[in-house]
Amino acid sequence: MGARVRGHDGLVGVAWVLASVLLVPCQAQAAENDTANHPLLTGEWQTAREWRLANPLGPAPAFAPRSRWRSTLDLKGDRRIALGTGSALSVHADAALTVLRDDGDANPVTSGRVNELYASTGSDAWQLSAGRRIIGWDVGQGFRPNDVVQREERRPLLPATPQGRSVVQVEHFGADDATSLVWIDPQGGATDRALALRHYRRFGALDVYGHAHWSAATRGNLGAALAWVASDAVELHASTRWLPALGQHQSLVGGSWTGGPDLTALAEVWQDGLASPSSARRNVYGRLAWQHEGWQVSADALWQPGDGGRVLGAGLRWQGDQWRAEAVWRVLGGPASASLRRTPSRQTGALALTRSF
């Protein structure tokens, strides 16, 4: 479940996942006025043109990723099944079908994958879920030290649904706190399995998180994070993770400012002791966005002071009721010796049109 499949198998896989959610038989009859057993299907379709300009200073410019056309259909299905004991079983699925054609290829490639497929049940205070699920943790935007379950890509060129991981999760909710225990990849090998614990507590405008994680690769490691809404305009956040077995740590400090309904600014600095090369361990990131009605203009910059490498980006987005159009472009620069100047692509960009339903 969740593996990437191609061609006809991709179509069958996506159809099977959605059918398993929407057509699964009920185990008990709900009341006449209960719509819990009615399936709900949502999703979006996106078509995009993605440009990747080869870097002449890269390790192999001739083999740099090619520009391409991409179309993706992402469908989400939910089904709530009433059980005889008065409780219910909720099933959620997210499956995507993608058609890609790289420049120079005669035929497109079709692939399908399952992003999420899990079931959950429980009482008011307790919740149990199992299956493939997206679980994103931590408070940072450009980097998340304590995102130990999902480890999703930060700052993607275009927003995309990540692929979840196989988990068994137990959660407990209180009035001002919540605790989650996650068993990651329970059917995987010894090097894949891990345990992750997060405890959250709210103190007025301050959110505090405690994290613990164990895996064969990193052994035991601990983390903490906080987010404080200082005023209507200012938000501050910080996160840290200590890995004693590796003698490293990951830490982030940041904040955001909102200038009324139209202007927002974000600034973050972080240290990633696990990053390679070592020049990528220290990072400074900033983003500025201006929004008017359905339009948003944004600019962002990432700077690595270790060698002076930088990534500059700009974006334009229009959001309607069901349609979204966006354009984004990024340029990697800095001294010739900077690691960001030796990546396969020197510039990347995209134009995308999205229809939600």
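A simple count of charges around residue 314, restricted to other residues whose Cβ falls under 10 Å of its Cβ and scoring Lys, Arg +1 and Asp, Glu -1, yields 0. Shape verdict for segment 79-238, please, from the Cα gyration tensor: rounded (a/c under 1.5), prolate (a/b greater than b/c) or oblate. In terms of gyration-tensor shape, oblate.
For segment 90-205, give the magnitude of the charge dipole about the Cα centre (Cβ charges: +1 Lys/Arg, -1 Asp/Glu; no others), in debye to the nearest 20. Numbers along the way, then the final one.
Numbers: 13 positive and 15 negative charges, 38 e Å.
It works out to roughly 180 debye.
Overall form of segment 235-299: prolate. Here a/c, set by the Cα gyration tensor axes a ≥ b ≥ c, is 1.5 or more, and a/b is the larger of a/b and b/c.
Can you check what the net charge comes to around residue 179, using other residues whose Cβ is under 9 Å from the Cβ of residue 179 (Lys, Arg +1; Asp, Glu -1)?
Details: positive: 198; negative: 171, 177.
Around residue 179, the charge tally is -1.
For segment 145-260, the Kirkwood hydrodynamic radius from C-alpha pairs, put into Stokes-Einstein at 37 °C and a viscosity of 0.692 mPa s, yields a diffusion coefficient of 206 µm² per second.
Counting other Cβ atoms within 10 Å of each Cβ, which GluC sites (Glu not before Pro) in segment 268-354 have at most 14 and sit in a DSSP loop? Working shown, then result.
Values: sites: 268, 293, 326; in loops: 293.
Passing sites in segment 268-354 are 293.
Between the alpha-carbon centres of segment 222-271 and segment 38-106 there is a gap of 29 Å. One chain, two ends: residue 295 and residue 181. Fully extended at 0.36 nm per residue, the span grows by 37.0 nm beyond their Cα-Cα distance. Each helix, a run of at least 4 DSSP H residues, gives -39500 (n - 2.57); summed and divided by the residues of the chain, these come to -1500 deg cm²/dmol at 222 nm. Kirkwood hydrodynamic radius of the chain from all distinct Cα pairs, in Å? The Cα-based Kirkwood calculation yields 22.9 Å.
Please give the charge dipole size of the chain, origin at the Cα centre, charges +1 on K and R Cβ atoms and -1 on D and E Cβ atoms. Round to the nearest 20 debye. Walk me through the numbers on the way to the answer.
Numbers: 36 positive and 33 negative charges, 275 e Å.
That gives the chain a dipole magnitude of about 1320 debye.
Since every read-out is calculated from the coordinates, none of them should be taken as a lab result. What you see is a predicted model; the values in this text were computed from it and never measured. Cβ: placed from backbone, ideal geometry, glycine included. Neighbour counts: every protein chain shown.
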